[in-house]
Amino acid sequence: MAPHPTSENELLEPHSRAVRLLIVDDDQTYLALCMRYLAKDSHYTYDMVAASGVDEALTACATTPFDCLLIDYALPEGTGTDLVGTLRERLSSALPPVVVISADGGADAAVDALRMHAADFLTKREVSANALRRSIGNAVVKGRLQRVVKLRQRELELANVELERRAIEIQRFYHTVSHEMKTPLTAAREFIAIVADGLTGTINDEQRELLEHALNCCDQITTQFNDMIDLTRLETGKMRLDRAPTAFEKIADRSLAMCASAAEAKSLVLESAISANLPLLDIDAGRITQVLSNLLGNAIKFTPPEGRVRLEATVADNEDGVDVRVIDSGCGIGPKDCEHIFDRLYQVRIAADESESSGLGLGLSIAREIVHGHGGELAVASRVGAGSTFSFRLPTADATTSIACQEPL
Ligand code: ADP
């Protein structure tokens with residue numbers, strides 16, 4: 001038997017005064033008494049159906065969506081709680097709230113009723129008209145509210161599924177567009193480079209400057225496309241880390257060299273303090289270089305001319321890895337922004353020079369995921385006007401080979 005249908009309007013009216021009640025009792029006198037008590041209820045108007053046993057109750061529940069069931073514990077065919085068990089099997093979550101009533105209120109009956117999650121348990125000998133009305137009224141409101149909550153929960157689940165579907169669609173779109181556009185962009189960059197190198201004829205200084213500007217723009221767009229592709233890979237679990245024992249000095253030198261000209265252009269002091277004899281690290285050298293380049297690049301971007309940017313690496317206090325810090329004397333980040341700084345697409349828009357703020361706000365979220373893939377956390381400590389420190393821990397080669405590549409990241 002399928003659960004009885006319940007209209008949405010009913011579900012949305014938890015305080016409706018009309019109540020459909022099924023009373024299951026083979027004692028006709030008591031049944032009539034209950035009906036009389038409830039007919040005089042000043043708050044609810046009852047539409048009551050009587051059933052003298054299990055079969056009649058099952059038939060009634062199959063056709064009518066009751067708001068509440070009042071069930072006698074001692075029925076001719078078994079206990080009232082047996083009936084509740086059968087109804088629960090048939091109606092599952094559409095089972096209305098149940099109030100169990102017993103002649104003498106014995107402990108067994110009370111325990112049985114509790115076990116069956118009855119909304120209330122009453123004793124015929126003691127129950128008054130008011131107590132009966134109150135008990136059924138409470139059960140009805142509770143049952144209706146529970147149904148509203150279930151309906152909302154179902155709606156939220158469906159909305160969530162739809163959101164996830166759309167998110168995947170957007171990620172695929174990002175990925176396809178980035179890939180498709182990178183190919184012609186690479187070709188355009190090559191053609192510009194050929195002209196800039198004078199291979200097609202002599203060019204003057206002004207033309208060279210313009211072509212160099214065009215090359216920079218191509219590089220910037222390529223970086224942004226790569227960020228979008230990386231983020232899609234991270235979010236779809238398709239980025240794998242290629243970890244191998246690596247000397248930190250090697251990737252630090254490479255990252256510092258990549259940033260040197262940008263620092264020089266702003267007259268920044270770019271310094272490094274890497275402890276001697278660091279242990280080998282179990283890392284993906286390419287991805288950690290990407291993290292360092294992003295952090296150093298940001299530090300340079302958000303530090304005014306004549307400032308300082310410093311890369312530090314020391315053995316962790318408990319010797320469980322190497323602690324890396326990128327420190328700058330730049331504009332700093334406020335506490336509210338610090339909370340969101342690693343969110344996708346988040347930008348504070350306080351670059352020392354607005355023209356430099358050319359990223360998409362993806363760099364830090366990618367960096368955080370990469371560090372996370374190595375078992376660490378990327379953290380920031382900053383104060384507006386006093387500079388920022390980004391820090392994370394990298395695993396040493398011997399201790400962590402077992403964490404292995406975090407597949408997929
Ligand atoms: P973007 O590519 O836009 O720089 P990121 O994710 O790398 O994206 O950084 C997000 C934002 O965090 C930046 O737009 C900037 O506002 C802020 N930020 C990052 N690093 C620093 C820093 N060292 N000093 C001040 N602000 C920073």
Residue among Ile274, Ile350 that is modelled with pLDDT under 90 and surrounded by 14 or more Cβ atoms within 10 Å (Cβ to Cβ):
Ile350
What are the residue pairs meeting all of these: first residue in the stretch 135-155, first residue surrounded by 13 or more Cβ atoms within 10 Å (Cβ to Cβ), second residue part of a helix (DSSP H, G or I), Cβ atoms under 6 Å, and 6 or more apart or on different chains?
Arg147/Leu11; Val148/Leu11; Leu151/Leu11
Hey, could you check the stretch 170-208 for residues that are among the hydroxyl-bearing types (Ser, Thr, Tyr) and assigned to a helix (DSSP H, G or I) and say which is surrounded by the most Cβ atoms within 10 Å (Cβ to Cβ)?
Ser178
Return yes when Arg115 is modelled with pLDDT of 90 or more, basic (Lys, Arg) and either open to solvent by 60 Å² or more (accessible area, probe 1.4 Å) or within 30 Å of Gln220 (Cβ to Cβ) (or both) and no when it is not.
no
Every residue in the stretch 82-97 that is among the β-branched types (Val, Ile, Thr) and open to solvent by 10 Å² or more (accessible area, probe 1.4 Å), please.
Thr86
Given the condition assigned by TED's automatic domain parsing to the domain that holds Ser391, within 16 Å of the ligand (Cβ to nearest atom) and in a loop (DSSP other than H, G, I, E, B), answer yes or no: does some residue in the stretch 255-273 qualify?
yes
How many residues are modelled with pLDDT of 90 or more and more than 10 Å from the ligand (Cβ to nearest atom) when one looks only at the stretch 310-328?
12
Identify all residues within the stretch 44-59 that are over 44 Å from the mean Cα position of the chain (by Cα) and either hydrophobic (A, V, I, L, M, F, W, C) or crowded, with 17+ Cβ neighbours inside 10 Å (or both); write none if there are none.
Tyr46, Met48, Val49, Ala50, Ala51, Ser52, Val54, Ala57
Just a yes or no: is a residue in the stretch 370-388 closer than 14 Å to Val291 by Cα, in contact with a Lys or Arg (Cβ under 7 Å, 6 or more places away or on another chain) and near the ligand (Cβ under 9 Å from one of its atoms)?
no
Going by the structure shown, is Ile251 of a type outside the set (Phe, Trp, Tyr), in the same structural domain as Cys331 (by TED's automatic domain parsing) and closer than 21 Å to Thr396 by Cβ?
yes
Cβ contacts < 8 Å: first residue closer than 12 Å to Tyr73 by Cβ and outside the structural domain of Cys68 (by TED's automatic domain parsing), restricted to the stretch 109-128; second residue among the aromatic types (Phe, Trp, Tyr) and surrounded by fewer than 18 Cβ atoms within 10 Å (Cβ to Cβ), any location; separation 6+ or different chain. Result?
none
Suppose we filter the stretch 324-347 for residues that are touching a residue at least 40 places away in the same chain (Cβ under 8 Å), closer than 21 Å to Asp227 by Cβ and part of a loop (DSSP other than H, G, I, E, B); how many remain?
2
Name the one entry in Ser355, Ser402, Ser388 that is hydroxyl-bearing (Ser, Thr, Tyr) and either in contact with a strand residue (DSSP E or B) (Cβ under 7 Å, 6 or more places away or on another chain) or at pLDDT 90 or above (or both).
Ser388
Residue under evaluation Ser293, criteria (1) closer than 18 Å to His374 by Cβ; (2) of a type outside the set (Val, Ile, Thr); (3) crowded, with 17+ Cβ neighbours inside 10 Å; (4) out of contact with any Cys (no Cβ under 9 Å at 6 or more places or on another chain), criterion not met
(4)
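The values are calculated or read from the model by the stated rules, or taken from the named source; none is laboratory data. Computed from a prediction, not measured in an experiment: that's the story for all the values here. In this analysis, Cβ positions are derived from the backbone assuming ideal geometry, glycine residues included, and neighbour counts consider all displayed protein chains. Accessible surface areas use protein heavy atoms only, side chains included; no ligands, DNA or RNA. Shrake-Rupley method; radii C 1.70, N 1.55, O 1.52, S 1.80 Å.
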